[in-house]
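Novice: Encoded as structure tokens, here's the structure I'll be asking about.
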Amino acid sequence: MIADVILGNNIDTAMWIKELKKGSNTIIIVDYDNNHNFIKENEVMYMSPQIAKKYIEKFDTINYYKSLYGYPGMQGNMSSLYRRKT
């Protein structure tokens, strides 16, 4: 059995669900704001990290998905936000 696990419930979650529903039977959203609850909605399971940790043990293969964001200035100096005139 294969589980597709989306780490975090954020703005990209709907996009991930739409893409994964094309070929996945089990989609799990690990909702870090969820406290020990399990919700099944439209064949997608939302669960707390504690429940997800135990639940995914029964799967043979687990695919993890996470959205990462990069912003200007992430090099540590905010001066990278401005273009220098030469």
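Novice: Tell me, in nm to one decimal, what length is gained between Glu19 and Lys58 on full extension, where the rule is 0.36 nm per residue of separation less the Cα-Cα distance?
Specialist: 11.7 nm
Novice: Which lysines, on any chain, are close to Lys40 with Cα under 27 Å apart, when same-chain ones fewer than 8 places away are left out?
Specialist: Lys18, Lys21, Lys22, Lys53, Lys54, Lys58, Lys66
Novice: How much accessible area per residue does the range 1-76 have, in Å², with a 1.4 Å probe?
Specialist: Per residue, the range 1-76 has 71 Å² of solvent-accessible surface.
Novice: Something else now. Can you give the % of DSSP beta bridges in the range 13-74 that are antiparallel, to the nearest 5?
Specialist: 50 percent
Novice: Also, quick follow-up: Tell me the carbon and sulfur percent of the accessible area for the range 11-61, rounded to whole percent, probe radius 1.4 Å.
Specialist: Here carbon and sulfur together make up 48 percent of the probe-accessible area.
The values are calculated or read from the model by the stated rules, or taken from the named source; none is laboratory data. Predicted, not measured: the structure shown is a model, and the values here were computed from it. Note: areas computed on protein heavy atoms with side chains; ligands, DNA, RNA excluded. Shrake-Rupley method; radii C 1.70, N 1.55, O 1.52, S 1.80 Å.
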